[in-house]
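The structure appears right after this line, and notes come after that.
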Amino acid sequence: MDIIAFPGIRHLLHWIVNNQAAIIQGAFNLIGALIIFSVGVFISRVTSGGFKKLLLKRNVDKTITQFCTTLLRYALLAFALIAALGRIGVETSSIIAIIGAAGLAIGLALQGSLANFAAGVLLVTLRPVRAGEYASVGSVAGVIEEVHIFSTTLRTTDNKMVIIPNGKIIAGEIINYSRQSQRRVDITIGVSYRSAIAEVKQVLDAVVKSDPRIIHSKGHTIRLNEFAPSSLNFVVRVWTENAAYWDVYFDLMENIKNALDEHGIDMPFPQMDVHMHHAAVPRPEAVQPDIARAG
């Protein structure tokens, strides 16, 4: 076959001969880009897999674990792709700018949801509350049912389901009543000023010592705490297991009242004294001249 008869092929061969260095460099760049991307794919799989195992080992929620590992994997793939494109001579600064602008737009549009998601990740990672625990979150108190990515479900003592965005939980105060195995019971008792302090302390001490649910090894406190307007206020502080807190609290209240009644110790309550003053009533004859002058 005569190549001269095909001018297109002749020009192509002429161009290949004259641009051998550029063609070889381009081939090396293409091979390098493929190697970079392949290594990036391998690193993304290994890194995301190891990160997933780490999160599962720390008992992180499966949904959050899957989301974070997927996000990490695709972020590494995007980095490898940009590096590979840069290797073959593609201007990557514009691609990075487009990705940044798109990320900014998405972030502004979903800033509330992203804030709740970030708060959910912190809740699952730091675990200030767990499912089954009784906690006070802001102005709501109840048993934690579930901690989701964007919100937390809480059940109040009167069996209401409350769903709170995770962003509000992280931004406010969290009081966990179930985390510690033991709690202190604080009770304030008011008695009459006529009561003897030593006798009141003796009666309260007997009530406390008679309750086996109280942890006596940790000691207890029975002291005069306040000179109130109409009573002497004593504070009673004891320790008990967390599960028995309310039973101990209510039983102590009842037992203390019964014991004080048995020993004749009064518990005062608010009273009001009303004083009646008789005003002088003017005599009729003293009022008539004034009425006449007015007429």
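Bear in mind that the values in this text are calculations on the coordinates, not laboratory data. Only a predicted model underlies this, so the values are computations on that prediction, with no experimental measurement involved. Positions of Cβ are backbone-derived with ideal geometry, glycine not excepted, and every protein chain shown enters the neighbour counts.
Spin-label pair residue 209-residue 45: with each label point 7 Å from Cα along the Cα-Cβ axis, the two points sit 7.4 nm from one another. Once backbone amide H atoms are built at 1.01 Å from N, residue 133 has 144 as its partners under 5 Å, excluding neighbours fewer than 5 places away on the same chain.
Here r is the Cβ-Cβ distance between residue 237 and residue 163 and R0 is 30 Å; the resulting FRET efficiency, rounded to 0.05, is 0.25. Once the chain from residue 179 to residue 53 is taken as fully extended at 0.36 nm per residue, the excess over their C-alpha distance is 42.7 nm. The number of Lys pairs in segment 93-249 with C-alpha atoms less than 20 Å apart, excluding pairs fewer than 8 positions apart on the same chain, is 4.
Packing around the peptides 121-130, 208-217, taken as the average count of other Cβ atoms within 10 Å per residue, puts them in this order, highest first: 121-130, 208-217. Once you reduce segment 124-141 and segment 170-218 to the center of their Cα atoms, the two points are 25 Å from each other.
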